[in-house]
């Protein structure tokens with residue numbers, strides 16, 4: 001028993017004392033209300049808190065998404081990332097507070113920095129909030145055809161800050177999500193994939209308007225991409241300056257391939273008009289030249 005006392009003393013004073021001394025190594029920052037101790041002990045506690053929180057969040061995410069389909073799961077994960085950052089911040093503050101650090105002092109000292117960051121990252125926060133709104137209210141889905149600033153694109157990825165779409169010429173548009181809140185965005189396929197398109201054509205005055213109507217319908221009916229139901233139809237739009245103006249309206253399922261479909265229909269219309277001697281006039285202007293006459297100014301001298 002007498003030999004155990006020196007061993008116990010050595011363990012308490014030397015071994016455990018050295019461990020405590022090592023754990024207390026770090027930075028000690030004096031403040032007006034005390035001292036902030038940034039030590040190895042605090043670092044280890046923070047790492048442990050991060051690891052435990054990370055595993056807990058992963059378990060919670062799997063628990064909440066186990067019955068969701070793939071599309072909803074991806075949307076939930078995007079929102080969950082934003083929540084995860086907020087939880088990490090709370091864990092850091094709680095851990096530092098539990099370690100004896102006055103968190104109020106840190107928050108007060110960082111208030112000006114937080115205000116500056118908030119102003120600098122204002123648009124970033126708007127994008128994140130916009131992304132949450134998009135995901136929650138399902139105002140935009142992957143595969144939707146949208147028009148932004150005159151560009152038509154197909155959405156292929158929705159993230160928390162940006163949405164990505166591919167245009168008809170295979171270029172990528174990166175759209176900040178706050179645009180979907182503040183700007184007017186056309187969504188061609190929000191309710192359904194079916195859209196109505198039209199082609200405008202002018203024919204010469206004196207043409208058989210019924211023949212023109214039949215030819216336009218035949219040209220559209222020949223296209224496999226055009227829906228048979230609802231049926232295509234033709235409207236006589238106006239008496240133009242140089243032509244009678246017609247529009248042929250039709251329905252398609254592929255709004256993204258709209259230019260190619262319209263091009264094929266125009267080729268067919270041109271061929272049918274040639275076969276039936278229907279001419280498409282070009283703009284004409286009558287120019288009247290008034291002959292110049294010799295003019296002598298009156299003599300105003302006296």
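The values are calculated or read from the model by the stated rules, or taken from the named source; none is laboratory data. Everything numeric in this text was worked out from a predicted model, so none of it was measured. Glycine also receives a Cβ, built like all others from the backbone with ideal geometry; neighbour counts cover every protein chain displayed.
At-a-glance table
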{"item": "Strands (runs of 3 or more DSSP E) wholly inside segment 165-278 that include at least 1 residues being free of Cβ contacts under 8 Å to residues at least 12 places away in the same chain", "result": "172-176, 233-239"}
{"item": "Residue 282 being assigned to a helix (DSSP H, G or I) and either at pLDDT 90 or above or not assigned by TED's automatic domain parsing to the domain that holds residue 199 (or both)", "result": "no"}
{"item": "Single condition residue 187 does not satisfy, out of (1) surrounded by 15 or more Cβ atoms within 10 Å (Cβ to Cβ); (2) within 19 Å of residue 81 (Cβ to Cβ)", "result": "(2)"}
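The rows are residues; the columns are (1) more than 25 Å from residue 73 (Cβ to Cβ); (2) in a strand (DSSP E or B); (3) at pLDDT 75 or above.
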position	(1), (2), (3)
119	yes, no, no
131	no, no, yes
135	no, no, no
141	no, no, yes
147	yes, yes, yes
